[in-house]
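As structure tokens, the structure follows; a few thoughts come after it.
The values are calculated or read from the model by the stated rules, or taken from the named source; none is laboratory data. No experiment lies behind these values; they were computed from the predicted model shown. Quick reminder, even Gly has a Cβ in these numbers, built from the backbone with ideal geometry, and neighbours come from all protein chains shown.
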């Protein structure tokens, strides 16, 4: 599942070019996959605005942060 999320982000990043995902070289696909993984990892720590806005739907801010981190870790394949 984590590879699905990473590839989805990579394809979205690459879609800004005029070439389709299937038409780019494997090395370019690998570079986009790496950039996507780095971008997802950069979102691991929620911003204050994210936690404040999420507060309305979560009773404990710290638990919300842990849940967010667990979801990002799962997307990166670091949790099952």
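Worth a mention:
- First in region 39-64 and under 23 Å from residue 5 (Cα atoms), second anywhere and at pLDDT below 70 and outside any helix (DSSP H, G or I), Cβ under 6 Å, 6 or more apart: 64/58
- If you filter region 6-35 down to residues that are over 18 Å from the mean Cα position of the chain (by Cα) and either on the phi > 0 side of the Ramachandran plot or assigned to a loop (DSSP other than H, G, I, E, B) (or both), you find that the one that is modelled with the lowest pLDDT is 18.
- If you filter region 36-54 down to residues that are over 17 Å from residue 9 (Cβ atoms) and in contact with a helix residue (DSSP H, G or I) (Cβ under 6 Å, 6 or more places away or on another chain), you find that the one that is modelled with the highest pLDDT is 46.
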